[in-house]
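Down below is the structure, laid out as structure tokens.
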Amino acid sequence: SAQPVKVAVTGAAGQIGYSLLFRIASGALFGPDTPVQLRLLEITPALKALEGVVMELDDCAFPTLAGVEIGDDPNVIFDGANLALLVGARPRTKGMERGDLLSANGAIFTGQGKALNDHAADDIRIGVTGNPANTNALIAMSNAPDIPKERFSALTRLDHNRAISQLAAKLQVPVTEITKMTIWGNHSATQYPDLFHAEVSGKNAAEAVGDQDWLENTFIPTVAKRGAAIIEARGSSSAASAASATIDAARDWLNGSAKDDWVSMAVVSDGSYGVPEGLISSFPVTTKNGDWEIVQGLDIDDFSRGKIDASVAELAEERDAVKELGLI
Ligand code: NAX
């Protein structure tokens with residue numbers, strides 16, 4: 001039978017992990033015929049809770065789950081990994097300044113970047129979900145000089161899926177009618193969900209909506225602030241939807257995006273659309289066999305230009321801050 005694919009997941013005992021691990025183990029990423037070995041990283045105090053999660057994974061008797069390794073040493077857990085989903089991060093707690101948050105996460109993502117560099121398999125792909133996702137990915141990438149930069153991405157697929165869902169609801173069409181959605185920039189409140197290039201049943205989405213006020217004052221803020229709305233309603237941050245988006249992003253990266261469509265991924269900029277080279281910014285991308293390409297040639301009007309520039313400026317500030325801290 002086939003060799004198991006080794007999937008490393010960090011923050012495995014957390015909220016997102018509790019949904020993500022069971023989806024991966026049940027075949028949602030690699031299908032029913034590919035065995036998966038899970039390699040789960042946590043901080044030492046969370047290992048006991050993680051043992052409980054592993055008991056539940058065992059109890060599912062998933063036919064595709066070929067084994068589980070757990071531990072608190074990234075050098076061990078990333079050994080031979082083909083895919084690493086970096087979900088664990090240091091959340092912002094009361095009284096924490098942005099600089100504190102960046103340095104706490106900097107310590108995590110420099111170490112994990114080095115460990116991936118030294119121990120992951122040659123075909124490694126790395127998806128960062130833990131926030132601040134774009135800048136955490138930048139830190140990991142910068143600390144893994146032997147891994148091609150194209151192998152790193154940060155998650156904006158949840159924002160992308162949220163945008164599809166909001167647009168479909170507005171136009172009362174199934175989500176399957178929506179294509180070519182784009183999230184530009186940072187996975188933060190400055191992100192820009194773009195309807196000017198999206199399509200509904202093959203027709204331009206902004207024209208189908210025909211309401212610039214809704215687009216500017218309802219759609220964009222609803223998508224950008226959806227995470228806060230979930231916290232407000234549920235009492236904790238989005239977890240199952242974040243896990244689902246993490247799966248969607250990895251699956252499409254490895255298996256390819258659909259014909260006549262694209263996905264949003266935060267990837268290292270080559271200067272496309274005026275985004276400074278080297279920043280990890282969200283773009284429309286097509287994917288194939290684990291590689292991605294930024295969709296070229298889209299017309300960017302003044303409205304979109306302003307929105308993209310604002311989010312990219314925030315990314316440049318975050319990069320400057322972590323550079324100052326010596327993390328990249
Ligand atoms: P939780 O706090 O429930 O879980 C995080 C887990 O990470 C904890 O179990 C913690 O022990 C672990 N962890 C911390 N440092 C670690 C390290 N150095 N190595 C390994 N594990 C470590 O958070 P959860 O709700 O699961 O969210 C995880 C991350 O995803 C957060 O940073 C969150 O902000 C981010 N999100 C990103 C989203 C995105 O679209 N990019 C959306 C959802 C989510 O908010």
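For residue 327, are the conditions met, namely being in contact with a Leu (Cβ under 6 Å, 6 or more places away or on another chain), closer than 29 Å to residue 9 by Cβ and in contact (Cβ under 8 Å) with a residue 24 or more places away in the chain?
no
Quick grid of which residues meet (1) of a type in the set (A, V, I, L, M, F, W, C); (2) without any contact (Cβ under 8 Å) to a residue 40 or more places away in the chain:
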residue: 8; (1), (2): yes, no
residue: 11; (1), (2): no, no
residue: 16; (1), (2): yes, no
residue: 23; (1), (2): no, no
residue: 27; (1), (2): no, yes
residue: 35; (1), (2): no, yes
residue: 42; (1), (2): no, no
residue: 45; (1), (2): no, yes
residue: 49; (1), (2): yes, yes
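Given the conditions (1) in contact with a helix residue (DSSP H, G or I) (Cβ under 6 Å, 6 or more places away or on another chain); (2) more than 17 Å from residue 140 (Cβ to Cβ), which single one is not true for residue 90?
Going through (1) in contact with a helix residue (DSSP H, G or I) (Cβ under 6 Å, 6 or more places away or on another chain); (2) more than 17 Å from residue 140 (Cβ to Cβ) one by one, residue 90 breaks only (2).
Restricting attention to the stretch 111-134, which residues are in a helix (DSSP H, G or I) and within 11 Å of the ligand (Cβ to nearest atom)?
Listed by number, the residues that qualify are 111, 112, 115, 133, 134.
Might you check whether a residue that is within 13 Å of the ligand (Cβ to nearest atom), assigned to a strand (DSSP E or B) and either of a type in the set (D, E, K, R) or free of Cβ contacts under 8 Å to residues at least 60 places away in the same chain (or both) occurs anywhere in the stretch 72-79?
No, the stretch 72-79 contains no residue that is within 13 Å of the ligand (Cβ to nearest atom), assigned to a strand (DSSP E or B) and either of a type in the set (D, E, K, R) or free of Cβ contacts under 8 Å to residues at least 60 places away in the same chain (or both).
Among 22, 30, which is more than 15 Å from the ligand (Cβ to nearest atom) and among the aromatic types (Phe, Trp, Tyr)?
30
Residues that are at pLDDT 95 or above, touching a Gly at 6+ places or on another chain (Cβ under 7 Å) and closer than 22 Å to residue 142 by Cβ: which strands (runs of 3 or more DSSP E) entirely in the stretch 249-311 hold 2 or more of them?
280-288
Would you please name the residue that is farthest from the chain's Cα centre (by Cα), looking only at residues in the stretch 215-248 that are in a loop (DSSP other than H, G, I, E, B) and in contact (Cβ under 8 Å) with a residue 12 or more places away in the chain?
Within the stretch 215-248, the match that is farthest from the chain's Cα centre (by Cα) is 236.
When you scan the stretch 141-155, do you find a residue that is over 24 Å from residue 326 (Cβ atoms), assigned to a helix (DSSP H, G or I) and either at pLDDT 95 or above or more than 10 Å from the ligand (Cβ to nearest atom) (or both), even just one?
The answer is yes; a qualifying residue exists.
In this structure, is residue 58 farther than 24 Å from residue 153 by Cβ, within 12 Å of the ligand (Cβ to nearest atom), surrounded by fewer than 21 Cβ atoms within 10 Å (Cβ to Cβ) and modelled with pLDDT of 95 or more?
no
Suppose the filter is modelled with pLDDT of 95 or more, crowded, with 18+ Cβ neighbours inside 10 Å and touching a Phe, Trp or Tyr at 6+ places or on another chain (Cβ under 8 Å); does residue 68 pass it?
No, not satisfied.
The values are calculated or read from the model by the stated rules, or taken from the named source; none is laboratory data. Because the structure is predicted, anything quoted here is derived from the model rather than measured. Here the Cβ is made from the backbone with ideal geometry for all residues, glycine too, and neighbour counts use every protein chain on show.
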